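One structure below.
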Amino acid sequence: MSKTRVSIAAGCCLVAVALATWAQAARKAGLWEITTNMVWQQSPIPNGMAMPGGGPHSTQVCLTQAQVDKYGSPMPQNRGCDISNVAMKANGMTADWVCTAPMAGKGTVESSWTDPDHVKAKVHFLGAMQMGPNSKPVEYTIDVSSNYKGADCGSVKPLVTK
């Protein structure tokens, strides 16, 4: 079970950071500080065991103008997941997030901005995760809050997108 928990923890952390970085840009390139809060509605780990992702996590990301122009913000970066049905609006965007591994299922992403320096986003994912010979249902929500810090990213390197 230890190896499974490590794999889940690593995957969830990557998903949380990737999704958080995706929902950042209000049409501004540069340095953003993002805070994510992941809540599990249905965890693949049995009750009583710690599940990664709980509580707010903050990080800084650097967005290029190309990333901002293509989708309004960078896309999630998770192996086995693709973005589809992107619908851009003047004050936000929505999209489907479809994953095949290690968590297979479908999520929705919705982001909005009321000014160029702040973005709010929400991701909801419903699917299953293979754990040994068994498939376990998963469901989680990630709330994202982003604040623009400035055009200079300093030592923070831009995200690599597909």
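FYI, it's all coordinate maths here, none of it is from the lab. The model shown is predicted, which means the values in this text are computed figures rather than measured ones. Positions of Cβ are generated from backbone atoms using ideal geometry, with glycine treated the same way; all protein chains shown enter the neighbour counts.
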- Message: If you take every residue apart from residue 94 with its C-beta less than 15 Å away from the C-beta of residue 94, what net charge results, scoring Lys and Arg +1 and Asp and Glu -1?
- Response: +2
- Task: For every other residue with a beta carbon closer than 13 angstrom to the beta carbon of residue 156, add +1 if it is Lys or Arg and -1 if Asp or Glu, then tell me the sum.
- Result: 0
- Message: Quick check on packing: order 84-90, 29-35 by the mean number of other C-beta atoms within 10 Å, highest mean leading.
- Response: 29-35, 84-90
- Item | Formal net charge of residues neighbouring residue 64 (Cβ-Cβ distance under 12 Å; K, R +1; D, E -1) | +2
- Query: Which order, highest average first, do 118-125, 151-158, 132-139, 94-101 follow once you tally other Cβ atoms within 10 Å for each residue and take the mean per peptide?
  - Reply: 118-125, 94-101, 132-139, 151-158
